[in-house]
Amino acid sequence: MNNIEILNGSNYLNWKQDLEFSLGIFDLDLVLCESRLVINSKSTLEHKELLAKWERSDRLSLITIKMTISEHLLSGLPQKATTKEFLNALGERY
């Protein structure tokens, strides 16, 4: 993760490419590839485990993203969002 260049506003495409590669290497890209599962009373243990894995991926991916963005660029971005929503907001901005 140390190889991800800090997003400064002008390097979005390189930053996103490095970020996606790093998340994939650390098996945290599930949140980028899959939608969040909805669990109900009929959900299997496998579905519940997949949701737990998705939630972990989302939490750690968001932490990673926020650590690789210049602090002044974080203002105006959604505070409560999934990784995919957060990346979409960044993509719209840059």
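The values are calculated or read from the model by the stated rules, or taken from the named source; none is laboratory data. Remember, predicted model here, so these are calculated numbers, not experimental data. Protein only, heavy atoms only, side chains kept; ligands, DNA and RNA dropped before computing areas. Shrake-Rupley method; radii C 1.70, N 1.55, O 1.52, S 1.80 Å.
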- Item | Entry for Rg and Dmax of the Cα atoms in Å (calculated from the structure that is shown) out of [x] 12.9, 38; [y] 14.4, 47; [z] 12.9, 46 | [y]
- Item | Reach of Lys53 by Cα under 17 Å, taken over aspartates and glutamates that are not fewer than 8 positions away in the same chain | Asp27, Asp29, Glu34
- Item | ³J(HN,Hα), Karplus 6.51/-1.76/1.60, whole Hz, each residue of the stretch 62-69, x for Gly, Pro | 4, 4, 4, 4, 5, 6, 10, 10
- Quarter of the Cα convex hull surface for the stretch 4-53, i.e. its orientation-mean projected area (nm²): 4.4 nm²
- Query: Averaged per residue, what accessible surface does the chain expose to a 1.4 Å probe, in Å²?
  - Reply: 68 Å²
- Note on the structure: Note: Ser75 to Asn2 extended length (0.36 nm per residue) minus current alpha-carbon separation gives 24.0 nm
- Helix-derived [θ] at 222 nm for the chain: sum -39500 (n - 2.57) over DSSP H runs of at least 4, divide by residue count, nearest 500? -17500 deg cm²/dmol
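If I stretch the segment between Asn11 and Lys48 completely, what's the gain in nm (0.36 nm per residue apart, minus their alpha carbon distance), one decimal? Spell out each step's value before the answer.
Details: separation 37, 0.36 × 37 = 13.32 nm, distance 3.77 nm.
Gain in length upon complete extension: 9.6 nm.
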- Would you mind telling me the share, in percent, of accessible area of the chain contributed by carbon and sulfur at probe 1.4 angstrom? 51 percent
- Task: Run down the lysines and flag those whose C-alpha is under 29 Å from the C-alpha of Lys48, throwing out any fewer than 8 positions away in its chain.
- Result: Lys66, Lys80, Lys84
- Note on the structure: The long-range amide H neighbours of Ile69, using H built 1.01 Å from N in the peptide plane and a cut-off of under 5 Å, are Leu7
